[in-house]
1. Is it the case that Glu277 is away from ligand 2 (no atom under 16 Å from the Cβ), under 15 Å from the mean Cα position of the chain (by Cα), of a type outside the set (Val, Ile, Thr) and within 30 Å of Phe36 (Cα to Cα)?
2. Can you pull out the residues in the stretch 259-276 that are without any contact (Cβ under 8 Å) to a residue 40 or more places away in the chain and farther than 21 Å from Gly164 by Cβ?
3. Sort out which residues of the stretch 211-236 are assigned to a loop (DSSP other than H, G, I, E, B) and either surrounded by fewer than 18 Cβ atoms within 10 Å (Cβ to Cβ) or touching a helix residue (DSSP H, G or I) at 6+ places or on another chain (Cβ under 6 Å) (or both), and write them in order of number.
4. Working only within the stretch 71-105, note down all residues that are at negative phi, open to solvent by 20 Å² or more (accessible area, probe 1.4 Å) and more than 14 Å from ligand 1 (Cβ to nearest atom).
5. Scan (1) farther than 30 Å from Gln319 by Cα; (2) within 20 Å of the chain's Cα centre (by Cα) for the single condition Tyr72 breaks and write down its number.
6. Out of the residues in the stretch 159-185 that are β-branched (Val, Ile, Thr) and more than 18 Å from the chain's Cα centre (by Cα), state the one that is nearest to Trp235 (Cα to Cα).
7. Met303 is checked against (1) over 16 Å from Pro17 (Cα atoms); (2) within 16 Å of ligand 1 (Cβ to nearest atom); (3) assigned to a helix (DSSP H, G or I); (4) in contact with a helix residue (DSSP H, G or I) (Cβ under 6 Å, 6 or more places away or on another chain) and fails just one. What number does that condition carry?
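The values are calculated or read from the model by the stated rules, or taken from the named source; none is laboratory data. It should be emphasised that the depicted structure is a prediction, and the values quoted were computed from it without experimental measurement. In this analysis, Cβ positions are derived from the backbone assuming ideal geometry, glycine residues included, and neighbour counts consider all displayed protein chains. These area figures cover heavy atoms from the full protein model, side chains too; ligands, DNA and RNA do not enter into them. Shrake-Rupley method; radii C 1.70, N 1.55, O 1.52, S 1.80 Å.
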Amino acid sequence: MSKTYKIAVIPGDGTGPEVVNEGLKVLRAAGSKFNFKYETKGFDFGGERFLKTEEVLPEGAVEELKTFDAIYLGAIGDPRVKPGILEKGILLRLRFELDQYINLRPVKLYDKRFCPLRDKEEKDVDFVVVRENTEGLYCGAGGFLRKDTAFEVAIQESINTYKGVERTIRFAFEYAKKRNQKKQVTLCGKTNVLTYAFDLWERTFHKVSKDYPDIKTDYAHVDATCMWMVKNPEWFDVIVTDNMFGDIITDLGAMVQGGMGIAAGGNINPRGVGMFEPIGGSAPKYTGKDVINPLAAICALSMLLEFIGQDEAARKVEQAVIKVVKEKLKSLSAGKMGYSTSQVGDLVAAAIG
Ligand code: IPM
Ligand code: MN
């Protein structure tokens, strides 16, 4: 008997539910085309629930989520809730407690019409960022001294463990091997200033690289990485970096690949449950208008399918996205696509056949 995948769905805030709906439409199309079975269960985590119940994540939620094959997430963030409460209480807590230590963010241009860089084509923008996802400045280590006085001190520490760094770098090398393209891993750091944290990263990078003699290694400071991503994105294959730098360079990456409307990411625990999401956030001003681009969420679904082992379906979803982007869309931005959110979902579902 074939397996029935269990997929947890967290539509979340803002435009999250709208884009997740389109992703689920595409999942239905892929399921019948490729003959796999799945069941979904929705979870109402987000701003609305918090405002009603003052509860961010209910008791037992993390344990329950561990029983699923994957989590499909829309967006977390609500302007009515103080910044940090939902982000830390839902998104970061799930990343940490499910030990999703990799945040994988492909930067791939599907149609050169949507690239903001002059003279760059599809073949020039195709790399992935492997972002460490459970450590660094995101740990919440630090605190205040003499808060609200003229002598206030605020400390926010970056935590880097050998284990955390090693497993992230190893994932990046494995991924470069599996991608089988340029076979190159670039460490993005700041070894000239952050001489403790990135010393550990650099030493570990060289140590791990010895296990991968076929993979080329490269290093770029984070500021230079931003420059090269704009000037020569074709130089990159796999970039590995810490949590904070990874957060920043992947927003730049999203712009280079055509905007937040198309940028997806996966929070991955290779031996656990992964969580896949469009990286653009909840976009409150577009909520409920049927104008947001659902393709980032649909690309996240493609990553989810690959992660659970439905490689063929994953590839087909990506090909359907490319077809719709190339043949139909006027823009990748909200309200300018030439189609509504739900029409774009219909087009992708139809392209799957
Ligand atoms: C992202 C987001 C989150 C992050 C926020 C919402 C906490 O920007 O997924 O990139 O910083 O990781
Ligand atoms: Mn971010």
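1. Values: away from ligand 2 (no atom under 16 Å from the Cβ): no; under 15 Å from the mean Cα position of the chain (by Cα): yes; of a type outside the set (Val, Ile, Thr): yes; within 30 Å of Phe36 (Cα to Cα): yes.
Criteria not met by Glu277.
2. Selection gives Met260 alone.
3. Hits for the stretch 211-236 are Asp211, Tyr212, Pro213, Asp214, Ile215, Asn232.
4. Arg80, Glu97
5. All conditions are met except number (1).
6. Looking at the filtered set, the residue picked out is Val185.
7. (4)
Here is a yes/no grid of residues against (1) closer than 21 Å to Tyr101 by Cα; (2) modelled with pLDDT of 95 or more; (3) of a type in the set (Phe, Trp, Tyr):
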| position | (1), (2), (3) |
| --- | --- |
| Gln156 | yes, yes, no |
| Glu166 | yes, yes, no |
| Lys182 | no, yes, no |
| Trp201 | yes, yes, yes |
| Tyr219 | no, yes, yes |
